[in-house]
């Protein structure tokens with residue numbers, strides 16, 4: 001049984017469709033109109049082992065903020081829906097990911113207690129047409145709509161592309177651990193439910 005979800009969301013600022021399958025087979029299609037963001041979402045899907053389709057038509061004449069944040073909302077909702085009541089998952093995940101001179105760390109808990117701690121400094125305002133500050137906005141929207149406690153830290157790095165990509169990959173690897181099914185199908189919580 002594959003765990004999957006499809007989310008559609010249309011506002012005056014964005015029109016987004018997201019399809020997510022946690023047990024992926026390599027089917028990835030990303031088109032947000034922001035090349036670097038597409039690259040990050042592709043890396044997230046590849047390293048998370050997910051099938052992911054994202055289409056976003058956003059008000060890029062303004063800037064990329066609405067598109068990036070709203071994709072985070074939709075992807076978070078898709079993950080939440082794909083996990084159902086969250087019973088049977090490992091729940092926690094963590095990963096260090098290096099990319100050349102940069103090193104990123106992610107720790108997360110799929111807990112239904114959304115929270116974000118984001119610690120990364122960027123040198124440049126933009127990476128291609130992508131505003132560097134939008135990484136934090138994406139992660140916040142994703143965490144709060146997925147019901148995840150998410151901690152992300154760029155340990156060090158000089159190249160903003162490398163720092164950002166390491167953060168997305170660290171998220172992917174940590175999430176891959178957390179959504180893995182546990183041995184007995186129980187909810188890993190002293191309360192008996194997540």
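The values are calculated or read from the model by the stated rules, or taken from the named source; none is laboratory data. Predicted, not measured: the structure shown is a model, and the values here were computed from it. Glycine also receives a Cβ, built like all others from the backbone with ideal geometry; neighbour counts cover every protein chain displayed.
Worth a mention:
- Pairing residues of the range 91-119 that are at positive phi with residues that are modelled with pLDDT of 95 or more and in a strand (DSSP E or B), at Cβ distances under 7 Å and at least 6 apart in sequence or on separate chains, gives 91/109; 91/110.
- Within the range 110-126, tally of residues that are in a strand (DSSP E or B) and surrounded by fewer than 19 Cβ atoms within 10 Å (Cβ to Cβ): 6
- Elements of the type strands (runs of 3 or more DSSP E) sitting completely within the range 2-90 and holding at least 3 residues that are surrounded by 17 or more Cβ atoms within 10 Å (Cβ to Cβ): these cover 14-21, 51-58.
- Scanning the range 127-140 for residues that are in a loop (DSSP other than H, G, I, E, B) and touching a residue at least 12 places away in the same chain (Cβ under 8 Å), we see that the one that is surrounded by the fewest Cβ atoms within 10 Å (Cβ to Cβ) is 128.
Condition check ((1) modelled with pLDDT of 95 or more; (2) more than 30 Å from residue 63 (Cα to Cα); (3) out of contact with any strand residue (DSSP E or B) (no Cβ under 6 Å at 6 or more places or on another chain)) across all residues:
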position: 85; (1), (2), (3): no, yes, yes
position: 121; (1), (2), (3): yes, no, yes
position: 125; (1), (2), (3): yes, no, yes
position: 131; (1), (2), (3): yes, no, yes
position: 136; (1), (2), (3): yes, no, no
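- Condition met for residue 107 (assigned to a strand (DSSP E or B) and out of contact with any helix residue (DSSP H, G or I) (no Cβ under 6 Å at 6 or more places or on another chain)): yes
- Filtered residues of the range 17-43 (kept if closer than 17 Å to residue 3 by Cα and touching a residue at least 40 places away in the same chain (Cβ under 8 Å)): 18, 19, 20, 21, 22
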